[in-house]
1. Can you name the residue in the stretch 165-177 that is farther than 19 Å from Leu68 by Cα and assigned to a loop (DSSP other than H, G, I, E, B) and is also most open to solvent (accessible area, probe 1.4 Å) among such residues?
2. Could you check the stretch 265-280 and list, in sequence order, the residues that are open to solvent by 30 Å² or more (accessible area, probe 1.4 Å), assigned to a helix (DSSP H, G or I) and under 11 Å from Val331 (Cβ atoms)?
3. Of all residues in the stretch 82-92, which are surrounded by fewer than 16 Cβ atoms within 10 Å (Cβ to Cβ) and either hydroxyl-bearing (Ser, Thr, Tyr) or assigned to a loop (DSSP other than H, G, I, E, B) (or both)?
4. Does Leu84 meet the test of being at pLDDT 80 or above, within 30 Å of Leu323 (Cβ to Cβ) and in contact with a strand residue (DSSP E or B) (Cβ under 9 Å, 6 or more places away or on another chain)?
5. Determine if the stretch 144-156 includes at least one residue that is surrounded by 15 or more Cβ atoms within 10 Å (Cβ to Cβ), modelled with pLDDT of 95 or more and outside any loop (DSSP other than H, G, I, E, B).
6. Return yes or no: is Asp228 closer than 16 Å to Gly326 by Cβ and assigned to a loop (DSSP other than H, G, I, E, B)?
7. Being more than 29 Å from Val237 (Cβ to Cβ) and without any contact (Cβ under 8 Å) to a residue 60 or more places away in the chain narrows it down to one residue among Ala187, Ala191, Ala122; which is it?
8. If you go through the stretch 216-223 one residue at a time, do you hit one that is surrounded by 15 or more Cβ atoms within 10 Å (Cβ to Cβ) and at pLDDT 90 or above?
Amino acid sequence: MNNLLRAFAMPTVAVVLLGGCMGQQLSTGETPRVNLIETGEVKVVPITPELVANSTAGMQAQQVPAELASYRPESYRIQPGDTLLVTVWDHPELTAPAGSQQQAVSNGRQVQPDGSFFFPYAGKINVTGMTIEKVRSTLASKLGRYLNDPQVDLNVVGYGSRVSMQGAFTNTAPQEITPVPLTLSQAVGRAGINAEQADISGLVLVRDGKSYRLDQDALNRNGTIAPDIYLKPGDQVYLPFNDRKEVYVVGEVTKPQAINFKTTDMTLTQALGRAGGLDPTTSNASAVYVIRGMQGMERAPGTVYHLNAKSPVAFVLADRFLLQPGDVVFVGQAGITRWNRFVSQLLPFSGVLRNAVSAGNNVGL
């Protein structure tokens, strides 16, 4: 319902903008209230093969930044918040102080925020940044002061290193960084994308205070697959919602509406198709317009792109003309439609006129 309200709020502005350029299509001989074309606030550009060729030629293929593509995680290193389970063979009093029937995490010990880890007879050790093997050998060395040739094993049974998932995911719970490297595609797959609300072209990875925009739609087009991006502790992944990324299709189409972007781009053909196409009885195929830049006209002139859909090449041009968020697609009325609507507006008054004439005749009698 909100989308429909937004869609129907646009035609009034669209008609004012098009007043100067649609005079012949909308109302022959009618003087527009504001001629924004003569004032220079709006410029009209025909959609031609040259226009779409130039616009697509400037588009660059999406690439993963080199610093992300080249990153490879090292061997897992202990972090604050990790829970370590130490097994000392033949010494269950050290291995399972909570009892052998308890879960492994209950017998584990957590690395403190300052990076320290305590184990009986070994004392307090700063283990942050150590590999699992380095912690194991350090414990074995310290326990060797009290035990004869201690056999020590070490496992991480809880992880403090996480990646945060935010935005249009179905599950935004943080994901753990474990000894098995985690890639961006795996994290996104586990979180699940909200297919109705997500803008997959706007995914952002924040690492070490720097934001990287990773257009997942563009990176996985034309048979190509984006390279793996390995995540590291502290990374933040944000998938934006598409509620602010809309185009509006209004005028003589079957279903005027606001249409959300879910991908990198949308063509004029796709937008008109989602709106049910041009109304076959009321539309003027030569009056298809794309209005762009309305909200920023105080800073720069707006632009109205015109497509004559009666042209044989119109379908090719429409399929290659890329829309931008905030664009308004406006389809004008056929000439006979304006006359029919004018007559239909007069019909309710015809009965009143007939009654008035009949009453006057009766009075005369």
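1. Of everything passing the filter in the stretch 165-177, Thr170 is most open to solvent (accessible area, probe 1.4 Å).
2. Result: no residue meets the conditions.
3. Filtering the stretch 82-92 for residues surrounded by fewer than 16 Cβ atoms within 10 Å (Cβ to Cβ) gives 89-90, 92.
Matches in the stretch 82-92: Trp89, Asp90.
4. Working: at pLDDT 80 or above: yes; within 30 Å of Leu323 (Cβ to Cβ): no; in contact with a strand residue (DSSP E or B) (Cβ under 9 Å, 6 or more places away or on another chain): yes.
Taking the combined requirement at face value, the residue does not satisfy it.
5. First, pick out the residues of the stretch 144-156 that are surrounded by 15 or more Cβ atoms within 10 Å (Cβ to Cβ): 147, 150, 152, 154, 156.
In the following step, the residues that additionally are modelled with pLDDT of 95 or more were identified as none.
Taking every residue of the stretch 144-156 in turn, none turns out to be surrounded by 15 or more Cβ atoms within 10 Å (Cβ to Cβ), modelled with pLDDT of 95 or more and outside any loop (DSSP other than H, G, I, E, B).
6. Details: closer than 16 Å to Gly326 by Cβ: no; assigned to a loop (DSSP other than H, G, I, E, B): yes.
Considered against the rule, which asks whether it is closer than 16 Å to Gly326 by Cβ and assigned to a loop (DSSP other than H, G, I, E, B), Asp228 comes out as no.
7. On the way: Ala187 fails: more than 29 Å from Val237 (Cβ to Cβ); Ala191 fails: more than 29 Å from Val237 (Cβ to Cβ).
Of Ala187, Ala191, Ala122, the one residue that is more than 29 Å from Val237 (Cβ to Cβ) and without any contact (Cβ under 8 Å) to a residue 60 or more places away in the chain is Ala122.
8. No - not one qualifying residue is present in the stretch 216-223.
The values are calculated or read from the model by the stated rules, or taken from the named source; none is laboratory data. Predicted model, so just to flag it, every value in this text is computed and none were measured. Using ideal geometry, Cβ is built from the backbone for each residue, glycine included, and neighbour counts are taken over all protein chains shown. Ligands, DNA and RNA are excluded from the accessible area calculation, which covers all protein heavy atoms including side chains. Shrake-Rupley method; radii C 1.70, N 1.55, O 1.52, S 1.80 Å.
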